[in-house]
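Everything on this sheet refers to the single structure shown next.
The values are calculated or read from the model by the stated rules, or taken from the named source; none is laboratory data. Only a predicted model underlies this, so the values are computations on that prediction, with no experimental measurement involved. FYI the Cβ positions are ideal-geometry reconstructions off the backbone, even for glycines, and counts take in every protein chain you see. We work out accessible area using only protein heavy atoms, side chains counted, and drop any ligands, DNA or RNA first. Shrake-Rupley method; radii C 1.70, N 1.55, O 1.52, S 1.80 Å.
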Amino acid sequence: MSELVLGIDAGNTKTIALIADTSGTVLGWGRAGRSNIYVQRARALAALQRAVAVARTSAGLADRPLAALTLSAAGADWPEDFDVLAGELKRWRCAERSSVVNDAVGALRAGSLRGAGVTVVCGTSAGIAARSPGGAVWHTSYWQEPEGADELAARALRAVYRAELGIDPPTALTAPLLSYFGCPDVEALLHSLTRRDRRPVQHLGRLARILLDQADAGDATSLGIVREHGASLGDYALAAARKVGLGGDYLLTTSGGVMRHRSPILREALMERVRGEHPHVRWQASHHEPVFGAVLLALETAGVTVNEAVFRRLEATCPDAALFVT
């Protein structure tokens, strides 16, 4: 059997691990809960181990050593975060070489065969990364201001509250948000989300879908929120490009649940802002999950040249979408 590599995507909602050989053939995969060390360090590290153990079992590999391992992690932001995660990988003693990157960097590598350019990830949260053809890499980390679905949900709720008070014009967001929470009116909605004995709201970011639906239907308030958010993401995409010296003609990829919504309004606002400074930038939706990028980075760490044959083999043997559903 060829040498083996392991790619891990450690996210805010789930952890995915893929084991592949150096031809790009995926042999096994595993899934566990969220593994952001900023949320709960011990549970995050345990989730990493569970995902890898399941992947090993799936591949029938037991404790066979690996040539390389790359961890693409939400929560890999500051030097001390990389130290914690790199220390955990070293403790496993399962790979000859290992590396840790921010999850936006993993998403960037997943976006195209070359893995260069800029990527904008907008899911539950958001992150942006850039890589020059020469290999310079930068990611937004805590520089990132515009976030993802959770921020869009909060802005949708704020718009409904302000419309109810007559501060802002009425919005078509009101009816679907009331229906989503099962509330008879806006005051009941506000009460349910702010009362002293309230339960934490699970999956609040799902409201972003309602916001994007209403923007697509032409609601002026929703359109304003979505376009402003897209333009702000564009500002940070341009900042990332400047950090690595990109200009002129480069590839910008997008990924994440918010970006996969059928409405193009958010993406169009993003690209309008970017092309205002770099008019020749090309856009492409990333068709691959971030763990795909982690495996590609692990292959490169193992000394494999990722050509089109390897890239397509990895595409062809990756597990289906059911593994990645949040």
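What number of residues within segment 50-81 satisfy the criterion of being β-branched (Val, Ile, Thr), farther than 12 Å from Val5 by Cβ and in contact (Cβ under 8 Å) with a residue 40 or more places away in the chain?
Quick first cut of segment 50-81, residues β-branched (Val, Ile, Thr) only: 52, 54, 57, 70.
With farther than 12 Å from Val5 by Cβ added as a condition, the list becomes 52, 54, 57.
From what's left, in contact (Cβ under 8 Å) with a residue 40 or more places away in the chain: 52.
So the answer is 1.
Out of (1) among the polar types (S, T, N, Q); (2) surrounded by fewer than 21 Cβ atoms within 10 Å (Cβ to Cβ); (3) at pLDDT 95 or above, the odd one out for Gln202 is which?
Result: Gln202 passes all but (3).
Take the residues of segment 240-252 that are more than 20 Å from Gly230 (Cβ to Cβ) and either in contact (Cβ under 8 Å) with a residue 60 or more places away in the chain or hydroxyl-bearing (Ser, Thr, Tyr) (or both): which is least open to solvent (accessible area, probe 1.4 Å)? Even if it seems obvious, please write down each step before you answer.
As a first pass, look at segment 240-252 and keep what is more than 20 Å from Gly230 (Cβ to Cβ): 243-245, 247-249.
Now restrict to residues that are either in contact (Cβ under 8 Å) with a residue 60 or more places away in the chain or hydroxyl-bearing (Ser, Thr, Tyr) (or both): 243-245.
Numbers: Lys243: 132, Val244: 18, Gly245: 67 Å².
Filtering first and then ranking leaves Val244.
Could you list, in sequence order, the residues of segment 128-159 that are in contact with a Ser or Thr (Cβ under 6 Å, 6 or more places away or on another chain) and either of a type in the set (A, V, I, L, M) or open to solvent by less than 40 Å² (accessible area, probe 1.4 Å) (or both)?
Hits for segment 128-159 are Ile128, Ala129, Pro146, Gly148, Ala149, Ala159.
Restricting to segment 160-169, count the residues that are surrounded by 14 or more Cβ atoms within 10 Å (Cβ to Cβ), of a type outside the set (Gly, Ala, Ser) and either in contact (Cβ under 8 Å) with a residue 12 or more places away in the chain or under 16 Å from Arg198 (Cβ atoms) (or both).
We begin by selecting, within segment 160-169, every residue surrounded by 14 or more Cβ atoms within 10 Å (Cβ to Cβ); these are 160-164, 168.
From what's left, of a type outside the set (Gly, Ala, Ser): 160-162, 164, 168.
From what is left, the residues that are either in contact (Cβ under 8 Å) with a residue 12 or more places away in the chain or under 16 Å from Arg198 (Cβ atoms) (or both) are 160-161, 164, 168.
Selection size over segment 160-169: 4.
Quick check on this structure: which one of Leu193, Leu212 is under 21 Å from Thr326 (Cβ atoms), open to solvent by less than 70 Å² (accessible area, probe 1.4 Å) and not basic (Lys, Arg)? Don't jump to the end; show me each part of the working.
Values: Leu193 fails: under 21 Å from Thr326 (Cβ atoms).
Just one listed residue meets the conditions, Leu212.
If we scan segment 243-263, do we find a residue that is in a helix (DSSP H, G or I) and over 24 Å from Tyr161 (Cα atoms)?
Quick first cut of segment 243-263, residues in a helix (DSSP H, G or I) only: 243.
Right, trim to over 24 Å from Tyr161 (Cα atoms) and you get 243.
Yes, segment 243-263 contains at least one residue that is in a helix (DSSP H, G or I) and over 24 Å from Tyr161 (Cα atoms).
State the number of residues belonging to segment 171-180 that are touching a residue at least 24 places away in the same chain (Cβ under 8 Å) and open to solvent by 50 Å² or more (accessible area, probe 1.4 Å). Even if it seems obvious, please write down each step before you answer.
Our first condition is that a residue be touching a residue at least 24 places away in the same chain (Cβ under 8 Å); within segment 171-180, this holds for 171-173, 176-177, 180.
Remaining after also requiring open to solvent by 50 Å² or more (accessible area, probe 1.4 Å): 180.
Result for segment 171-180: 1.
Of the residues that make up segment 78-100, is at least one under 21 Å from Leu246 (Cβ atoms) and out of contact with any strand residue (DSSP E or B) (no Cβ under 6 Å at 6 or more places or on another chain)? Don't jump to the end; show me each part of the working.
Taking segment 78-100 and keeping what is under 21 Å from Leu246 (Cβ atoms), we get none.
Among the residues of segment 78-100, not one is under 21 Å from Leu246 (Cβ atoms) and out of contact with any strand residue (DSSP E or B) (no Cβ under 6 Å at 6 or more places or on another chain), which makes the answer no.
Spot the failing condition for Gly134; the list is (1) modelled with pLDDT of 95 or more; (2) closer than 30 Å to Val281 by Cβ; (3) not aliphatic (A, V, I, L, M), and only one is missed.
(1)
Output the number of the condition that Ser255 fails; it satisfies all remaining conditions of (1) surrounded by fewer than 21 Cβ atoms within 10 Å (Cβ to Cβ); (2) within 13 Å of Ala129 (Cα to Cα).
Here Ser255 clears every test but (1).
Restricting to segment 308-326, give me the number of residues that are part of a loop (DSSP other than H, G, I, E, B) and either surrounded by 11 or more Cβ atoms within 10 Å (Cβ to Cβ) or in contact (Cβ under 8 Å) with a residue 40 or more places away in the chain (or both). Don't jump to the end; show me each part of the working.
We begin by selecting, within segment 308-326, every residue part of a loop (DSSP other than H, G, I, E, B); these are 318-320, 325-326.
Within this subset, residues satisfying the condition of being either surrounded by 11 or more Cβ atoms within 10 Å (Cβ to Cβ) or in contact (Cβ under 8 Å) with a residue 40 or more places away in the chain (or both) are 318-319, 326.
The total comes to 3.
Residues in segment 264-294 that are aliphatic (A, V, I, L, M) and either closer than 18 Å to Gln144 by Cα or in a loop (DSSP other than H, G, I, E, B) (or both): how many? Show your work before the answer.
Here is the first cut: in segment 264-294, the ones aliphatic (A, V, I, L, M) are 265-266, 269-271, 274, 281, 285, 291, 294.
Subsequent filtering for residues that are either closer than 18 Å to Gln144 by Cα or in a loop (DSSP other than H, G, I, E, B) (or both) retains 266, 269-271, 274, 281.
Counting residues in segment 264-294 that are aliphatic (A, V, I, L, M) and either closer than 18 Å to Gln144 by Cα or in a loop (DSSP other than H, G, I, E, B) (or both) gives 6.
Of all residues in segment 258-289, how many are more than 17 Å from Arg114 (Cβ to Cβ) and either surrounded by 21 or more Cβ atoms within 10 Å (Cβ to Cβ) or not β-branched (Val, Ile, Thr) (or both)?
Residues meeting the conditions: 22.
Just checking, how many residues over segment 217-230 are within 23 Å of the chain's Cα centre (by Cα) and more than 15 Å from Ala163 (Cβ to Cβ)?
Going through segment 217-230 one residue at a time, the tally reaches 5.
All but one of (1) within 19 Å of Ala104 (Cβ to Cβ); (2) open to solvent by 60 Å² or more (accessible area, probe 1.4 Å); (3) not charged (D, E, K, R) hold for Ala298, so report the exception by its number.
Single failed check for Ala298: (2).
Name the pairs whose Cβ atoms lie under 9 Å apart, with the first residue in segment 11-36 and under 15 Å from Asp103 (Cβ atoms) and basic (Lys, Arg), the second outside any loop (DSSP other than H, G, I, E, B) and open to solvent by 10 Å² or more (accessible area, probe 1.4 Å), and 6 or more positions between them or separate chains?
The qualifying pairs are Lys14/Arg31; Lys14/Ala32; Lys14/Phe324; Arg34/Arg43.
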